[in-house]
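Student: Before we start, here is the structure in question, set down as structure tokens.
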Amino acid sequence: MRSALRKIFDERKMQSAIPTRIGGTKWINHFLKALNTMFKAHSAILQHLQNLQDEKADQAQKARGMTRWLRDEQLITFALFMRDILQFLVKISLIAQRSTSTVAEVYGVMKSVTTAIATFETRPTPGEKQVQNHMLLKEELNPRASIIWRFEDSDLLKATHILSLKAWPTATEDLAAFGEDEVILLSRHFETTLCSAGFECSSIPVEWCLLKGWGTKF
């Protein structure tokens, strides 16, 4: 099968792009790679399936079914839509898997992604625009709602933005009161863990002020 597909690529003078399986722990990346491969090799795969229809009955039947799928405009539109959305989701996946990422960084990327995806709820994505007159009805898809459900948008998560220096105000007068409520919320939530580690929780507000003081020197 693969050798026959590679032969078609050679005949068409196309770079070989063999379809890949979807699975594993990094399934979002695998899914995106599979979609990119399908679109890159779409014409060659169709020719390969056409050739298989001349083979024995069971292969010919499967080939005819797959050919119908790959020529279905609604399915292609959905696949293009999924490719666009997956490119956003990969951003969350990569930063969440990075060992040096903070909660604040993951939360910030998640908010950025949901904001970007929201713009495509009432208008076509770049991929959808490639298929004329086939914008999807997205009421039941709603990937933004799924992300928000998966990553609960709580006050605790919002409070973690103070851990990212990118969120710190640059003006000294703004920095003075910055993060005071968030520090109290976070210290109360993690009080048991901090106390068991021998940390004096009552000193956290003072330590936070000192930290901001050092921050103004850099």
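Student: In this structure, does Leu46 turn out to be modelled with pLDDT of 80 or more, more than 20 Å from the chain's Cα centre (by Cα) and on the phi < 0 side of the Ramachandran plot?
Tutor: Details: modelled with pLDDT of 80 or more: yes; more than 20 Å from the chain's Cα centre (by Cα): yes; on the phi < 0 side of the Ramachandran plot: yes.
The answer is yes for Leu46.
Student: Taking helices (runs of 4 or more DSSP H) that do not extend beyond region 150-203, which have at least 2 residues that are under 16 Å from Trp214 (Cα atoms)?
Tutor: It comes to 172-176.
Student: Every residue in region 1-13 that is surrounded by 14 or more Cβ atoms within 10 Å (Cβ to Cβ), modelled with pLDDT of 75 or more and not basic (Lys, Arg), please.
Tutor: Result: Ile8, single match.
Conditions (1) under 30 Å from Leu5 (Cβ atoms); (2) hydroxyl-bearing (Ser, Thr, Tyr); (3) outside the structural domain of Leu5 (by TED's automatic domain parsing); (4) within 11 Å of the chain's Cα centre (by Cα), marked per residue:
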| position | (1), (2), (3), (4) |
| --- | --- |
| Thr37 | yes, yes, no, no |
| Leu52 | yes, no, no, no |
| Phe88 | no, no, yes, yes |
| Arg98 | no, no, yes, no |
| Val109 | no, no, yes, yes |
| Thr114 | no, yes, yes, yes |
| Pro124 | no, no, yes, no |
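Student: Between Leu94, Leu32, Leu89, Leu80, which is among the aliphatic types (A, V, I, L, M), surrounded by fewer than 16 Cβ atoms within 10 Å (Cβ to Cβ) and under 23 Å from Phe120 (Cα atoms)?
Tutor: Residue meeting the stated conditions: Leu94.
The values are calculated or read from the model by the stated rules, or taken from the named source; none is laboratory data. Note that this is a predicted model, so its numbers are computed, not measured. Cβ atoms come from the backbone with ideal geometry, glycine included; neighbour counts cover every protein chain shown.
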